[in-house]
Structures are given as structure tokens and as C-alpha cells.
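Written out below as C-alpha cells is the structure these notes cover.
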Amino acid sequence: MESIFGLLVLMGIVVGFFSSKLASEKGYDKTLWFLGGLFFNIIALIAIAGLPVKDVNQKKLKKEQKRLENIIKETGKKSGF
């Protein structure tokens, strides 16, 4: 009985590790997916494998675009346009 429990815990840790690694590569929170893998085992791994990759670069581009727009507005005010 104790060996079965130990095996389940070990399997949870291993699946949690792979879930968090895959989640991190796809742009999701790796801590939450580690916990999901720990408690829900293979179900969490299948779930994160099926999720799409988050477009992290898109957020960075929008932020940069807003920053550049503000610079252009400030430059226009200073030059009188």
C-alpha cells in the first residue's frame, strides 16, 4: 500500500515537471501547470498539450506601439504640429 502511494506521488511529480515545462514553452504559468500535473497527472499533461501557444510577442508589440505613439505625440507637441 505504501509503495503504491509512493509511486503515485513520484508519477505526479514527474508529470508535473513535464506539464510545467510544456506550459512554460507555450507561454502559460508553469507553477499552476506543475500543480495541475501533480494532482491530476496525465489529464493535465494532455490538457496543456492541447492548448495553443500564447502569442506573447503580440503583447510586447502592442506595448511598444503605444510607447512609440506617445513619443510621436510628445514630439509633435514640442515642434508645434
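Just so you know, all these numbers are worked out from the coordinates, no wet-lab data involved. All values reported here derive from a predicted model rather than from experimental measurement. As a convention, Cβ positions derive from the backbone with ideal geometry for all residues, glycine included, and neighbour counts pool all protein chains shown.
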note = Across Lys66, Lys54, Lys21, the residue with the highest GNM fluctuation in the chain (Cα network, 10 Å cutoff) is Lys66
message = Suppose a student asked you for the relative contact order of the chain, using Cα pairs under 8 Å spaced at least 6 residues apart; what percent would you report?
response = 25 percent
key: Within-15-Å neighbourhood charge of Phe34 [Cβ basis; K, R +1; D, E -1]   = +1
key: Amide N proximity, the stretch 21-43 versus Leu8 label position 7 Å along Cα-to-Cβ, cut-off under 20 Å   = 34-43
The stretch 2-79 - charge dipole about Cα centre, Lys and Arg +1 at Cβ, Asp and Glu -1, debye rounded to 20 = 760 debye
task = Per DSSP H run of n ≥ 4, the term is -39500 (n - 2.57); total these for the chain, divide by its residue number, and report the mean residue ellipticity at 222 nm rounded to 500 deg cm²/dmol.
result = -28500 deg cm²/dmol
request  = Could you work out which residue, out of Ile46, Ile71, Ile13, moves most in a Gaussian network model of the chain, that is, has the largest mean-square fluctuation with Cα springs under 10 Å?
outcome  = Ile71
query = Where a ≥ b ≥ c are the square roots of the eigenvalues of the C-alpha gyration tensor, would you call the stretch 16-81 rounded, which needs a/c under 1.5, or, failing that, prolate if a/b is larger than b/c, or oblate?
reply = prolate
